[in-house]
Amino acid sequence: KKSEVSAVMAKADIKPKSIRHAKNWSDEVENLYRFQQAGYRDEFEYKQVKQVDTVECWPETGFVKKLQRRDNTFYYYNKQRECEDKEVHKVKVYVY
């Protein structure tokens with residue numbers, strides 16, 4: 001059963017108000033990097049498109065563990081950081 005918040009969020013089709021590029025690596029930037037690699041803006045868009053309540057994360061680090069792309073193939077991620085310093089500036093941070 002879907003939680004009410006997720007159901008409302010999925011129906012609302014929330015769009016970001018603004019965007020900026022990440023300057024420094026952080027846990028948030030790491031997860032955004034993983035969502036964007038899989039073809040989504042961020043966790044909100046992933047949950048909207050895939051109609052899921054939760055995203056599978058590594059308990060030790062809190063980083064995203066597995067994402068399903070739009071073509072239904074899966075991306076699997078390591079526990080450790082994957083977004084290298086040279087990639088950080090490519091990560092888009094959306095403001096809602």
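Descriptive notes on the structure:
- Filtered by the rule that a residue be farther than 14 Å from residue 28 by Cα and among the charged types (D, E, K, R), the range 38-64 gives 45, 47, 50, 53, 56, 60.
- Only residues that are hydrophobic (A, V, I, L, M, F, W, C) and within 11 Å of residue 87 (Cα to Cα) were counted across the range 14-37, and they come to 3.
- With respect to (1) surrounded by fewer than 16 Cβ atoms within 10 Å (Cβ to Cβ); (2) part of a helix (DSSP H, G or I), the lone exception for residue 34 is condition (1).
- Qualifying positions in the range 73-96 - assigned to a loop (DSSP other than H, G, I, E, B) and either within 15 Å of residue 30 (Cβ to Cβ) or modelled with pLDDT of 95 or more (or both): 73, 77, 78, 79, 80, 81, 82, 83, 84, 89, 90, 91
The values are calculated or read from the model by the stated rules, or taken from the named source; none is laboratory data. Since this is a predicted model, take the numbers as computed values, not measurements. Note that we place each Cβ from the backbone using ideal geometry, even for glycine, and neighbour counts take in every protein chain shown.
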